1. Determine which residues of the range 25-45 fall in the zone a paramagnetic label at PHE96 would reach in this model, i.e. backbone nitrogen under 19 Å from the point 7 Å along Cα→Cβ.
2. Which whole-number percent gives the relative contact order of the chain, counting Cα pairs below 8 Å spaced six or more residues apart?
3. Taking the alpha-carbon centroid of each part, what is the distance from the range 78-152 to the range 1-33 in angstrom?
4. Cα atoms only: what Rg and Dmax, in Å, come out for the chain?
5. On the protein heavy atoms, probe 1.4 angstrom, tell me the percent of accessible surface of the range 35-95 carried by carbon and sulfur.
6. May I ask you to derive the relative contact order of the range 1-97, considering only C-alpha pairs under 8 Å and at least 6 residues apart, and to give it as an integer percent?
7. Given the range 12-96 reduced to its alpha-carbon atoms as identical point scatterers, what log10 I(q)/I(0) does the Debye formula return at q = 0.10, 0.21, 0.26 Å⁻¹?
8. If you take the beta carbon distance between ASN124 and GLN3 as r and set R0 to 22 Å, what does 1/(1 + (r/R0)^6) give as a FRET efficiency, to the nearest 0.05?
Amino acid sequence: MVQYILLSGFIVSVFVSLIMVQKKKSTSEVLLLLLVSSTSYLLFSYLLVYNGNYLKYPSLTALGLGFPLLTGPLIYLYINYQTKPIGFQRIDLLHFIPFILCNFLFIDFYFMPFEDRVEAMKNNLVNYQTVGFLKTALLYLSGVIYITWTFLLLYAHRKRLKNEFSNPEKINFNWFLFLNIGLLLVWIVVIFFQEDRIILSASSVHIICICFFGLKQGNVFNHKEILYTQQQPVFINNDK
């Protein structure tokens, strides 16, 4: 059952990624593409585990283990760039340090002979318990920080616009709220169930919902830059 849910999430996210990659993209749309693509790879790596192919492709499987560290930052940055009239900020690259650090500490695994990598996977990466503990700690910290940070961002955005929501902006705000609440629900599953099959199923459902509602609402993938004036927000459609 879990394999089918993972496969469904993987296929849907790859399909939507292919749709998005073909169009001209703003910074926020690139971030959304990265969110969908990174989740797709995460599901792919666990598919290899559940169908028994992780021993054939140990490096591809291990690479996906750090991808959950991208979800919180990408959702936060996507919403931040959608709700503020700003261009790409280099300082925002700092949000990806935990992901880079996690993979850097694991880098010697990829340079092992193939047989040693297979043996390490058979032993559940027992020689990497310290790295695994650090990844888990970073993941929990990332979840708490970015879910809270994103809710604060949405609160400030709602307060800034006050009662001047147009219909398109209401749709966008609900979409942003949906993204963060969905991530919060996944984290509730992580905390209270702590079973890979349930957590991965929840993650698959989350990305399927993101893709489905994103395509259904149409405007989600048609970026509208928000320029704030003293009176009210002005929407400029950049999808040309």
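The values are calculated or read from the model by the stated rules, or taken from the named source; none is laboratory data. No experiment lies behind these values; they were computed from the predicted model shown. Positions of Cβ are generated from backbone atoms using ideal geometry, with glycine treated the same way; all protein chains shown enter the neighbour counts. Note: areas computed on protein heavy atoms with side chains; ligands, DNA, RNA excluded. Shrake-Rupley method; radii C 1.70, N 1.55, O 1.52, S 1.80 Å.
1. Flagged as within label range: 25-43.
2. 27 percent
3. 20 Å
4. For the chain, the Cα-based Rg and Dmax read 19.0, 65 Å.
5. After summing per-atom areas, the C and S share lands at 63 percent.
6. Details: 84 pairs, mean separation 30.0, N = 97.
Computed value for the range 1-97: 31 percent relative contact order.
7. -0.30, -0.99, -1.22
8. Computed FRET efficiency for ASN124 and GLN3 comes out at 0.65.
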